[in-house]
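Down below is the structure, laid out as structure tokens.
The values are calculated or read from the model by the stated rules, or taken from the named source; none is laboratory data. This is a predicted model, so every value here is computed, not measured. Cβ coordinates were reconstructed from backbone atoms using ideal geometry, including for glycine residues, and neighbour counts include every protein chain displayed.
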Amino acid sequence: MFGWTGKILCVDLTTGHATTLRPDPAEYHAFIGGRGLAGHLLAPHATRSWDDPDLPLLFMAGPLTGTIAPTSGRLTAMSLSPLTGTAFDSSVGGKLGTQLKRAGWDGILLTGRAPELSALRVADGEARVVPARDLAGRSALAVMDAVAPLVPGQEESVAAVGPAAETGSLLASILVDRHHAVGRGGLGLVMAAKNLKYFTVTGTGRVAVADPKALKAAREDIFRLTAASPALLGEHGFSAYGTGALYDLISTRRMMPTANFRATHYAPAPELNAARIKARFHPHKAGCKGCHVLCKKVADDGRAMPEYETLSHFTALVENRDLETVVAANALCGELGLDTISAASTLACHAEITGRKLAPAEILALIRDMGTGQGLGAELARGSLRYAESHGRPELSMSVKGLELPAYDPRGAYGMALAYAVSTRGGCHLRAYPVSHEILRKPVATDRFSFSGKARIIKIAEDAAAVVDSLTACKFLFFAATLEEYAKALSAVTGRETSAQELLAVGARICLAERRMNAEAGFTAADDDLPARFFAEAGSGGNGIAVPALDREEFLKARDAYYRVRGLDAEGRPTAEALRKAGLA
Ligand code: SF4
């Protein structure tokens, strides 16, 4: 086999026993790798509870991982989410995917529950479960310092959970290689439920490529396209400023969620943008293995600079004007192992319910308490929906399926509104990434204040994103490149000719399989909805931009249209016909 190793490492943490799963080549072709293959292996477990020891926690690389294909150093983590109850995948950077492939594995499938706090160490073909009692309660960064100190040439990859996971937070993340995170959905808690504090992977092998010359040509095509992209490699793009480059744009579009989504414009935003961060913290470029864009920014003191969503939510959403607090909150969430988007959003919900603004010191103190399960922090660490419900105000949780919404107000981008509602993992901007066409106007501009045509656009974008997450590559590259270039790269790597059309059909299969898992777990159309605020209250218009409340009827019509093009019934469940056509019957 080229591209894939053909082997998945299965570790039963109850016994410490490791075995090898060898999927049929047809399964690889049907689901590619990454998110697709992880979902395929998760599917029989869709109705388990997140803390069932038999529930798999998967870490899956793709056929391009470990090759010279641009941005192929990413990896998918997947399981059922303690926060949303849905099937939940999360794409993460760093070097974990690359090391996994070099070690000879397409993925790791973890089941069971270790009898004591443990770690898994994978080195090429060998996997050992070892005690990790001495690291109980330590921050994810402290684990990395202890097991893989930063030295030049350090290739071992480390994934660890922090105290948030150990104290039961539903917002618990998994930190990977210091500056990357399996952030959303509480997958860190699933790892902690298996009594696994960290795992390391190191490998010395090489990924076999069928046609290195054709891969090099595909890679050069992608490089040429990205070089011409202002959003990626331009003077004010992601490479220069990180994803924080979006901050000014979203602010001027008057769609920056402010004060728990009570407003869509934050007046102090111009003093809190990525340029201010650059001037103040002088970060250098960093990024995922195999990436030439390097959108991560790290200060000399080792602190990662906030991504756009974190910057926006820890300023506008919680009404904080202090940049140092944003950077400190971001670092604290990383160390404790908390999802920054959900943490900030839960704090904003708390501020609205209690009717007061949080001071910078209070923001940091509450994050610390959320990460260690102390006092009010323990309540907030269960996410905004449970917190708001327990205070009799569920409508003030700005979430979909319990997942807190990111930093794009849906009243300012209707494709985003639809994408948030129908996303299989809850309030997520990356499922269909409408920012691309509604805000950055790539590959073509769409009218952000209209639902017209959005059902089909969102469906196709979801299919494409599922492919990207399965290859595995980075969605940001698709501001410039398309599936056509990546189909060429995949054909070159695997030696099996494929096309963008064929890949989109695979993406549709992956999305439908995820829908089926959620339907089996009891999700219906009632869960594919937005918080009532967006249909009742207008956003903050100005500068010639009106931001009215969403029209509920138009939204429901768009959702129905989405259900039709996706092959779902009126309750959002896959029809037998759609499953049969997708080869999932
Ligand atoms: S663009 Fe950024 S997130 Fe994407 S692969 Fe490169 S460094 Fe990682």
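Things to note:
- Check on residue 356, out of contact with any Pro (no Cβ under 8 Å at 6 or more places or on another chain), at pLDDT below 95 and over 15 Å from residue 336 (Cβ atoms): yes
Residue by residue, here is whether (1) among the charged types (D, E, K, R); (2) more than 22 Å from the chain's Cα centre (by Cα); (3) within 25 Å of residue 569 (Cα to Cα) holds:
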residue	(1), (2), (3)
436	no, no, no
439	no, no, no
457	no, no, yes
465	no, no, yes
472	no, no, no
489	no, yes, no
492	no, yes, no
512	no, no, yes
522	no, yes, yes
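- Region 225-259, subset within 15 Å of the ligand (Cβ to nearest atom), free of Cβ contacts under 8 Å to residues at least 40 places away in the same chain and in a helix (DSSP H, G or I), residue nearest to residue 443 (Cα to Cα): 230
- Lone qualifier among 181, 192 - being within 23 Å of the chain's Cα centre (by Cα), hydrophobic (A, V, I, L, M, F, W, C), farther than 23 Å from residue 67 by Cβ and not in a helix (DSSP H, G or I): 181
- Test result for residue 148, farther than 18 Å from residue 81 by Cβ, touching a Lys or Arg at 6+ places or on another chain (Cβ under 6 Å) and among the aliphatic types (A, V, I, L, M): no
- Residue identified as without any contact (Cβ under 8 Å) to a residue 24 or more places away in the chain and surrounded by fewer than 20 Cβ atoms within 10 Å (Cβ to Cβ) among 544, 583: 544
- Only residues that are buried (at least 17 other Cβ atoms within 10 Å of the Cβ), closer than 25 Å to residue 536 by Cβ and basic (Lys, Arg) were counted across region 356-396, and they come to 1.
A quick yes/no check of all residues on (1) without any contact (Cβ under 8 Å) to a residue 24 or more places away in the chain; (2) among the acidic types (Asp, Glu); (3) surrounded by fewer than 24 Cβ atoms within 10 Å (Cβ to Cβ):
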| site | (1), (2), (3) |
| --- | --- |
| 276 | no, no, yes |
| 284 | yes, no, yes |
| 304 | no, no, yes |
| 307 | no, yes, yes |
| 316 | no, no, no |
| 322 | no, yes, yes |
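- Checking residue 28 against (1) at pLDDT 95 or above; (2) part of a loop (DSSP other than H, G, I, E, B); (3) not hydrophobic (A, V, I, L, M, F, W, C), the condition it does not meet: (2)
- Residue 250 meets the conditions (1) surrounded by 23 or more Cβ atoms within 10 Å (Cβ to Cβ); (2) over 22 Å from the mean Cα position of the chain (by Cα) in every case but one. The failed one is (2).
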